[in-house]
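Only one structure is covered here, and it is reproduced in the block below.
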Amino acid sequence: MSDSLTSSLGGITLSFYGAGSMAEAILRGLIETRLTTPKNISVLNRQNTDRLLQLEQQYGVVPAATEGLRHEALASADIIILGMKPKDSANAILAMKPFIRPEQLIVSAIAGLSIATIQQLLGNKQPIVRTMPNTSSTIGLGATGISFSNSVTAGQREMTLAIFGAIGMTAVVEEPLIEAVNGVSGSGPAYVYYLMEAMINAGVQLGLSPDAAKELTVQTVRGAAEMVSATGENPGDLRRKVTSPNGTTQAAIETLDQFAFQEAVNKAILRCAERAREMGEAIRAEAVNA
Ligand SMILES: NC(=O)C1=CN([C@@H]2O[C@H](COP(=O)(O)OP(=O)(O)OC[C@H]3O[C@@H](n4cnc5c(N)ncnc54)[C@H](OP(=O)(O)O)[C@@H]3O)[C@@H](O)[C@H]2O)C=CC1
Ligand SMILES: O=C(O)[C@@H]1CCC=N1
């Protein structure tokens, strides 16, 4: 990767087509890590002008709130980032088709939507990057799975890795594995938050104040993740070090096992990946009939 790209995207312009939570997580990360300046980022959505103005006020990005500005932003951007819900994606891609140029890079963050479906909707071999990021990109701790279409140039790959590398770690995977990334890390923050909700509630039930229960839980999750990362040890080995024979942790883990905790997490992640494939298939069917 060249030095200029690791430090800055220079004058490269990005258009966030779909300006919801995921778009905000990425653009905020890019701005806070100073990979680019807000003036190189435009934001577009379907109807919610207030949302675009809020993003302008908060981050200094450029709102494209009228039809004319939307078309101009799409036509002029070096990179268009697709951030609408899967159900809205086929219509949105068809609507942008008249304005885009064959060399523009399209980066999709849309669950399930395949490179082939995007190319089918656009009717060409447009360079496409399919990603599966997560909302921790907001604070530079994202995890993003990335797949490239064959038409993506080496320079465009480098730009993509610079963008997602600036807001967290990246894993380049073959496209069929993007659903696995969705299951593990795309949706993953929600499972961890769910676990944290349960830990906090139990702490309160045992008499801790809500604040104390929350702070202890947050530090525990942060410390556990950091331990795996810093020591290089397997989570299983670290778990065994916490678990004294016949002690308190063993009693807790046995209870989790009674409720098939590991199996529940496993089934949840497999179902998540399956759901991504189902959603992708629904968009593919829409594209075939478009
Ligand atoms: N949230 C997450 O944790 C993750 C989400 N993703 C993916 O990111 C995508 C967006 O999710 P999220 O940010 O949560 O969704 P949000 O509902 O927060 O945002 C969706 C945005 O898309 C806009 N939009 C809808 N239709 C169109 C259209 N036809 N043209 C232009 N803009 C449109 C909406 O505008 P308006 O309000 O005006 O309708 C809104 O700004 C999804 O496809 C999801 O699969 C991927 C990884 C993680
Ligand atoms: O729930 C969803 O469909 C999106 C994709 C990954 C995280 N959120």
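Read-outs: derived from the displayed coordinates by stated rules, not from any lab. No experiment lies behind these values; they were computed from the predicted model shown. A quick note on method: Cβ atoms are made from the backbone with ideal geometry, for glycine too, and the neighbour counts reach across all protein chains shown.
In table form, for the structure just shown:
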item	result
Tail weight of P(r) past 18 Å, computed on alpha-carbon pairs of the stretch 3-178, percent	57
Zero-based 5 Å bins, Cα pair distances in the stretch 66-120, whole percents	4, 19, 32, 28, 15, 3, 0
Fewest-first ranking of MET84, MET169, MET196, using other Cβ atoms within 10 Å as the exposure measure	MET169, MET196, MET84
Cα pair count fraction exceeding 23 Å, expressed as % - the stretch 211-290	49
Antiparallel %, DSSP beta bridges [both residues in the chain], to 5	15
Highest average packing first - 32-42, 203-213, Cβ atoms within 10 Å	32-42, 203-213
Residue-span extension gain [LEU69 to ARG240] - 0.36 nm each, minus C-alpha spacing	55.8 nm
Derived scalar couplings ³J(HN,Hα) [the stretch 244-261; Karplus, 6.51 cos²θ - 1.76 cosθ + 1.60; whole Hz; x for Gly, Pro]	6, x, 6, x, 6, 5, 4, 4, 5, 5, 4, 5, 4, 5, 4, 9, 6, 4
The stretch 215-267 and the stretch 82-145: distance between their alpha carbon centers, rounded to Å	36
Solvent-free Debye scattering, log10 I(q)/I(0), computed from the Cα coordinates of the stretch 135-271 at q = 0.11, 0.18, 0.22 Å⁻¹	-0.56, -1.24, -1.53
Diffusion constant of the stretch 1-84 at 37 °C, which comes from Stokes-Einstein with the Kirkwood Cα-pair radius and 0.692 mPa s, µm²/s	259
Net charge of neighbours whose Cβ lies under 13 Å from the Cβ of GLN58, counting Lys and Arg as +1 and Asp and Glu as -1	-2
Computed [θ] at 222 nm, helices only, for the chain once each DSSP H run of length n ≥ 4 contributes -39500 (n - 2.57)	-17500 deg cm²/dmol
Diffusion coefficient, µm² s⁻¹, Stokes-Einstein with Kirkwood Rh over alpha-carbon pairs of the stretch 124-207 at 10 °C and 1.306 mPa s	111
Label-zone membership for the stretch 129-162, site SER229, 7 angstrom Cα→C-beta point, backbone N under 16 Å	134-145
